[in-house]
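Take a look at the structure below.
The values are calculated or read from the model by the stated rules, or taken from the named source; none is laboratory data. This one's a predicted model, so the numbers in the text were calculated from it and none came from an experiment. A quick note on method: Cβ atoms are made from the backbone with ideal geometry, for glycine too, and the neighbour counts reach across all protein chains shown.
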Amino acid sequence: MLASILATGLAMGAVYALIGITYNTMFATSRVMSFTAGQLGMLGGVFGSLLMLQWGLPLIVALPLTLAACALVGVVTEFVAVRPVLKSLDQHLYVLTTLAVALIIQQITAIEWGTEPAPFPRLLEVGEGVWHEKYWLPVAACAVTIGGLEYLYRRTLLGHAFIAVAEDNFAARALGLPERNLRIGSYALAGAIGALAGFSGGQLLLAFFANGPLLNFYGFIPVALGGLGNNRGAVIGGLALGLFQQAANFTVGGIFSSVAVFVLFIVVLLAAPQGLFGAAASRRV
Amino acid sequence: MTLTRRQFGQIGLGAMAAGAAGFPLGLARPALAQNEPIRIGWLAAMTGPSSAPAVGFNRGVEFAAAAINAAGGVKGRKIDIITRDTQGDPTKCVNATQEMISQVKAHAIWGPTNSGESLAVTAIMARAKMPNVHPCVVDSLIDEKRYPNAFRLAPSNTQWDDAVRNYCLKILKVKKVAVIGDTTGYGVSAAKASVAGFQKDGAEVVYQANIDSTQPDMTPDMLRARNAGAEAIVVWSVSTGMDARLFNTRAGMGWDVPFVGHPSMASGEIAGLVNKPENWKKVYAIGYRSCSYDAEGKLPAHTQELVDRLKGKVSLDDTLLWWVAGGYDAVQLVADAVKETGSSASADIIGYWNSLKKYPGYFGTYTFSPTEHNGYPTEDVVMSEASSARSGTFALAPGYS
């Protein structure tokens, strides 16, 4: 039982963490919580299944194509749902626009792909039992992603530019940084990260159009737990969520495990509204 | 049928002449009615989610209409199928129903084909006294007092439940069952009704649960069911993903408990979702005797007659035979009502259906009366070997003669 809790809990936790990072990446340059994050994860699974099982492409081709396709979806989201409402962020219109795009993505997938879950291929044919690749691939993908982002943000000029826009986009623009292009870039990056979540977790989640809302909800929790914009917090929050959820499945079971997860979520937010790893918001007086 | 201006004038003059002669004007209408096509409204979710049944039903509908019309129609009247794609959306279905009633002036309506849409339009059709036959399973859709116009040619949820329980208790002879549903409204209510039924019949429900169908790991619930001593697992879910995960988990546990329940367990998608083909064995899904083949691979003679007629004209490879047969029967029920009563008036069609006893359809042998509009015989609801699909039919589960 413990092995099952650890294997499934860490795997699902890593998927939730990657979706949380997707939220954060889009938020960093636009101050918009885009509710397309879960749909990008869903598309990662669907594109992976389409390219590998139906079109017969090898992993080495299918993975980059999936990431590129979802990056494109991310860019379209920026153009269609984010840019038009940036001037009125205080009205929170982005909730409507990003939810609308998420709904469109889900409906198109349902019509074109189908409403039944489709199989996702084994990627590396490595491991059995609790060492099956479906359990450790999402964890590995999460580790690679967080490592890559740390490198990008800390060691590259482009990463510094991203951080500059995230800190203060007006100042960044005044310094001559291409704020709009950087925002488009961050949505493309978020699309690829969301796709990686769905692709690496495809063997657990299957290629299923209804995975989007699930990932939207459970991917948001690590963001709230870890602090908005804090990727390391999202990873810790995501893994903790996965482990707690799987433990709840074993102890209280089925429908009550979701209740347990949300009860814990509310309790944590009551105790630390800024998230466990987020800094308290400063207010100018 | 299209009227020319001259024909219209002739009819008008005839009516005026009849009126002048002291006959009621209404006498001119039967002549027109006797030649006009029999308009059958067909509310079909042909696209969008849940379109597979309507696509299958439609093949039977078109085949039946073509066959009847090729044979000269019904007393010289052609069958005219007016199809509206409702896309599985209750709002679109309401609009289409209103159109059928007020503009198309359909003589009868077949469909819709899913309960969500049917719940939205049943009362509308009842107000218009529109003869309606549908295949939806929700029990409340049939109420002979509130909806005297509505008839069901497929089993209800209760009949499915009875068939599953009878198979577990009388054929598998198990005493302890686990009942699992998904967390949808259907899964919760179906599992609850199933538990009540088993307990009423003296069986012990050792474990019951509603599982989120997207839950990636079914081990916790399967372990609980095994530890509770379940001898069979009854599943009420339309989610093929959840079904496949349950089967894979059972295999991983090395447990050989049988699964019995919802027809989705026999869905073709499961073949790609199970880790190994043998994981899908010992799974018995709800099926129908008319569309099941026996140990020798033979279908019932009446069904074989339909399959022979369909051969080369209607594909059965990507659909279920009962959908095609049900669509055929629906059209034939309307045609026979007009043929036997000589009228396409709604009261006459409803009256004819109410008089049917053991009407030999291809999908089922229907019996209706003014107090019973669930026409499908419960004894013909059987369990099928879930992994045995062959041209839209299934093998009878073990234990049936």
Strands (runs of 3 or more DSSP E) contained in segment B:169-237 and holding at least 2 residues farther than 22 Å from A:M1 by Cβ, touching a residue at least 40 places away in the same chain (Cβ under 8 Å) and within 14 Å of another protein chain (Cβ to nearest Cβ):
B:176-182, B:232-236
In the set A:L228, A:L189, A:L196, the lone residue that is in contact (Cβ under 8 Å) with a residue 12 or more places away in the chain, more than 14 Å from every other protein chain (Cβ to nearest Cβ) and not in a helix (DSSP H, G or I) is A:L228
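Okay, residues lined up against (1) in contact (Cβ under 8 Å) with a residue 40 or more places away in the chain; (2) over 18 Å from B:W160 (Cβ atoms):
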site: B:I350; (1), (2): yes, yes
site: B:N354; (1), (2): no, yes
site: B:G364; (1), (2): yes, no
site: B:S369; (1), (2): no, yes
site: B:T378; (1), (2): yes, no
site: B:S384; (1), (2): yes, no
site: B:A389; (1), (2): yes, yes
site: B:G399; (1), (2): yes, no
Number of positions in segment A:40-54 that are buried (at least 24 other Cβ atoms within 10 Å of the Cβ) and either in contact with a Phe, Trp or Tyr (Cβ under 7 Å, 6 or more places away or on another chain) or away from chain B (no Cβ under 14 Å) (or both)
9
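Test A:V46 against the stated conditions and say whether it is of a type outside the set (S, T, Y), touching a Ser or Thr at 6+ places or on another chain (Cβ under 9 Å), modelled with pLDDT of 95 or more and assigned to a helix (DSSP H, G or I).
Here the answer is yes, as A:V46 does meet what is asked.
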Taking the options A:V130, A:V101, A:V76, name whichever one is farther than 18 Å from A:E179 by Cβ and modelled with pLDDT under 90.
A:V130
Is one or more of the residues making up segment B:385-400 under 30 Å from B:V283 (Cβ atoms), assigned to a strand (DSSP E or B) and of a type in the set (G, A, S)?
yes
Scope segment B:107-162; condition among the small types (G, A, S), under 16 Å from the mean Cα position of the chain (by Cα) and outside any loop (DSSP other than H, G, I, E, B); matching residues:
B:S115, B:G116, B:S118, B:S140, B:A150
So, first residue free of Cβ contacts under 8 Å to residues at least 12 places away in the same chain in segment B:65-83, second residue in a loop (DSSP other than H, G, I, E, B), Cβ within less than 7 Å, six or more apart or across chains; the pairs are B:N69/B:K78
So if I check each of A:P178, A:P222, which one is closer than 22 Å to A:T77 by Cβ and surrounded by fewer than 24 Cβ atoms within 10 Å (Cβ to Cβ)?
A:P178
Going by what's in this entry, would B:T86 be described as more than 14 Å from chain A (Cβ to nearest Cβ), buried (at least 18 other Cβ atoms within 10 Å of the Cβ) and of a type in the set (S, T, Y)?
yes
Single match in B:G272, B:G254 (criterion: on the phi > 0 side of the Ramachandran plot, within 14 Å of another protein chain (Cβ to nearest Cβ), modelled with pLDDT under 95 and surrounded by fewer than 21 Cβ atoms within 10 Å (Cβ to Cβ)):
B:G254
Got at least one residue in segment A:27-35 being assigned to a helix (DSSP H, G or I) and charged (D, E, K, R)?
no
Residues satisfying the stated conditions in segment B:141-185, i.e. crowded, with 23+ Cβ neighbours inside 10 Å and out of contact with any helix residue (DSSP H, G or I) (no Cβ under 9 Å at 6 or more places or on another chain)
B:Y167
If I ask for residues that are over 18 Å from A:V139 (Cα atoms) and either in contact with a strand residue (DSSP E or B) (Cβ under 9 Å, 6 or more places away or on another chain) or within 14 Å of another protein chain (Cβ to nearest Cβ) (or both), which ones from segment A:204-225 would you list?
A:A207, A:F208, A:F209, A:A210, A:N211, A:G212, A:P213, A:L214, A:N216, A:F217
Right, B:V260: within 14 Å of chain A (Cβ to nearest Cβ), in a strand (DSSP E or B), under 29 Å from A:M1 (Cα atoms) and touching a helix residue (DSSP H, G or I) at 6+ places or on another chain (Cβ under 7 Å) or not?
no
Among the residues of segment A:1-17, the number that are touching a residue at least 24 places away in the same chain (Cβ under 8 Å), in a helix (DSSP H, G or I) and more than 15 Å from the chain's Cα centre (by Cα) is 8
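If I ask for residues that are away from chain B (no Cβ under 14 Å) and in contact with a helix residue (DSSP H, G or I) (Cβ under 6 Å, 6 or more places away or on another chain), which ones from segment A:112-138 would you list?
If the condition is that a residue be away from chain B (no Cβ under 14 Å) and in contact with a helix residue (DSSP H, G or I) (Cβ under 6 Å, 6 or more places away or on another chain), then A:L123, A:L124, A:V126 are the ones that fit.
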